[in-house]
Amino acid sequence: MNGIQILLICGVITLIGYYIMRFRNAAFDLALLFTFAGLSIFFILFPGYTNTIAHKLGVGRGADLLFYLCILFFLFIVLKLYARIRRLEEQITDFIRKEAKDEAKLLNEKKSSGNI
């Protein structure tokens, strides 16, 4: 097994673990963001190292390594967006459910007082 295969499998397992945690750890988000930003700046300043690192991991070119890492990063973003949409859907459902109960209670009170 090549180093890139191990790296990509670890990345996928990390994404799955992160999804299981349900995105409640903001410190992890911040650490991941700073890690990707730091790596980006490093690779921008020293582009020759991407080839060296890529060869050590078993990838042909540094550009391919960056492409694979970007795929993992975009999967992370997609999972975050999916979790946020699910959380918003749950909040909307709870809000609508509460409003329906309040409206039904108000209607019941009006019926019992004879206003309807």
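The values are calculated or read from the model by the stated rules, or taken from the named source; none is laboratory data. The shown structure was predicted, so the numbers you read here are calculated from the model rather than taken from an experiment. Cβ coordinates were reconstructed from backbone atoms using ideal geometry, including for glycine residues, and neighbour counts include every protein chain displayed.
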Screening ILE92, ILE85 for residues that are under 16 Å from the mean Cα position of the chain (by Cα) and modelled with pLDDT of 90 or more leaves only ILE85
Scanning the stretch 34-64 for residues that are of a type in the set (A, V, I, L, M) and within 16 Å of ILE6 (Cα to Cα) gives ILE53, ALA54, LEU57, VAL59
Of those in the stretch 49-79 that are of a type in the set (Gly, Ala, Ser) and either outside any helix (DSSP H, G or I) or over 26 Å from the mean Cα position of the chain (by Cα) (or both), the residue surrounded by the fewest Cβ atoms within 10 Å (Cβ to Cβ) is GLY60
When every residue in the stretch 1-48 that is part of a loop (DSSP other than H, G, I, E, B) and more than 24 Å from ARG61 (Cα to Cα) is compared, the one modelled with the lowest pLDDT is PHE23
